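The values are calculated or read from the model by the stated rules, or taken from the named source; none is laboratory data. Predicted model, so just to flag it, every value in this text is computed and none were measured. FYI the Cβ positions are ideal-geometry reconstructions off the backbone, even for glycines, and counts take in every protein chain you see. Please note that ligands, DNA and RNA were not included when accessible areas were found on the heavy atoms of the full protein model with its side chains. Shrake-Rupley method; radii C 1.70, N 1.55, O 1.52, S 1.80 Å.
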Amino acid sequence: MPEDILNIISSIVPKENIKTKELLKKHTTFRIGGYADFFVSPENNGQLSKLVKALNDNNIKYYILGNGSNILAPDEGYEGVIIYIGENMSDIEVSGTKIVAGAGALLSRTAKEALKCSLAGMEFAAGIPGSIGGAVVMNAGAYGGEMRDIIVSATVCDRNGNIFILTNEELELSYRHSIIEEKEYIVLECEINLKKGKAEDIKAVMDDFSSRRREKQPLEYPSAGSTFKRPTGYFAGKLIEDAGLKGYTVGGAKVSEKHSGFVINTGNATAEDVRSLIKYVSEEVYRQFGVVIEPEVKIL
Ligand SMILES: Cc1cc2nc3c(=O)[nH]c(=O)nc-3n(C[C@H](O)[C@H](O)[C@H](O)COP(=O)(O)OP(=O)(O)OC[C@H]3O[C@@H](n4cnc5c(N)ncnc54)[C@H](O)[C@@H]3O)c2cc1C
């Protein structure tokens, strides 16, 4: 069977873009995750859509990985194909106030490109360590801005390899949600519209956000950012702190002392440590305050 899978993949994607037994912890910001059977980096939209169709037609399990900054990968690894959308699909083209970015382009690089062209509106995204694809899926946002504010449309493909465009409205973007996950679409590229601004003002806003991040967030430890979504009317971090869980530890996983909304990997955390910590924290917050906090991090 693994030979058959390899034959299918290598009939579509060049051999040098296919790895077997690849450690997922190398590809997640949590630095957690065992071996994936196959780790494939398609070179373009055509290869990606053909690959997805072939895997789907042959009932082979796959998972889409962007920059791995919102994922908890299992210690046992992944029995199937990880499709990595990264540098190979990361072209950025600017024309006027529009930017078309490949799904694999990093938000930080795209925001830098916007700054270079004096385009304002993407400052909020410069410090989010995700890819454009992951940011569309999650409707990533920070400091009062979110992808919904700047997306014109996204080019996506479905499980049958059909490629089409979804407008901002059709993406149904809301707090850390889009239609992509529900429909199992894959983001291939995204068109963004920004406004003409002054480079020095844009840079000043980016610098301000970045120093606020460094001051408030435990960036010195591996994590997946805010572990929980913001429950309506509350802040997850505040609830966790008020529940007395700041610094609470399970194995190598810990509620950050700097920002209680972050679960950090203090060195040797396993996915099981993080899962147990998430479960304990949510149960304890519910027991003490009757508020449900849901994980924002995707559990692979
Ligand atoms: C230190 C730190 C700070 C953070 N701060 C913020 C913040 O301020 N705001 C915020 O919103 N998030 C933040 N995050 C979380 C994370 O960066 C975002 O959710 C980001 O959008 C995830 O992008 P990614 O490319 O890393 O996606 P991944 O983690 O690789 O994937 C996330 C989900 O999207 C899916 N996916 C990824 N790419 C695609 C694609 N091309 N097509 C279809 N599905 C895809 C995956 O299957 C998975 O379900 C932070 C994370 C860290 C580690």
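In table form, for the structure just shown:
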quantity: Residue within the stretch 273-290 that is within 14 Å of the ligand (Cβ to nearest atom) and under 22 Å from the mean Cα position of the chain (by Cα) present; calculated: yes
quantity: Lone qualifier among Gly66, Gly141 - being in the same structural domain as Pro42 (by TED's automatic domain parsing) and under 16 Å from Cys190 (Cβ atoms); calculated: Gly66
quantity: All positions within the stretch 164-182 that are free of Cβ contacts under 8 Å to residues at least 40 places away in the same chain and under 18 Å from Ala142 (Cα atoms); calculated: Leu173, Ser174, His177
quantity: Residues located in the stretch 205-219, provided they are more than 10 Å from the ligand (Cβ to nearest atom) and out of contact with any helix residue (DSSP H, G or I) (no Cβ under 9 Å at 6 or more places or on another chain); calculated: Asp207, Ser210, Ser211, Arg212, Arg214, Glu215, Lys216
quantity: Complete set of residues in the stretch 12-31 that are within 13 Å of the ligand (Cβ to nearest atom) and outside any helix (DSSP H, G or I); calculated: Thr28, Thr29, Phe30, Arg31
quantity: Cβ-Cβ under 6 Å pairs, at least 6 apart or on other chains, the stretch 190-208 side farther than 23 Å from Ser131 by Cβ, far side open to solvent by less than 50 Å² (accessible area, probe 1.4 Å) and at pLDDT 95 or above; calculated: Lys195/Ala120; Lys195/Gly121; Gly197/Ser118; Gly197/Ala120; Ala199/Ser118
quantity: Count of residues meeting criterion [more than 10 Å from the ligand (Cβ to nearest atom) and either surrounded by 23 or more Cβ atoms within 10 Å (Cβ to Cβ) or farther than 24 Å from Ser211 by Cβ (or both)] in the stretch 127-149; calculated: 1
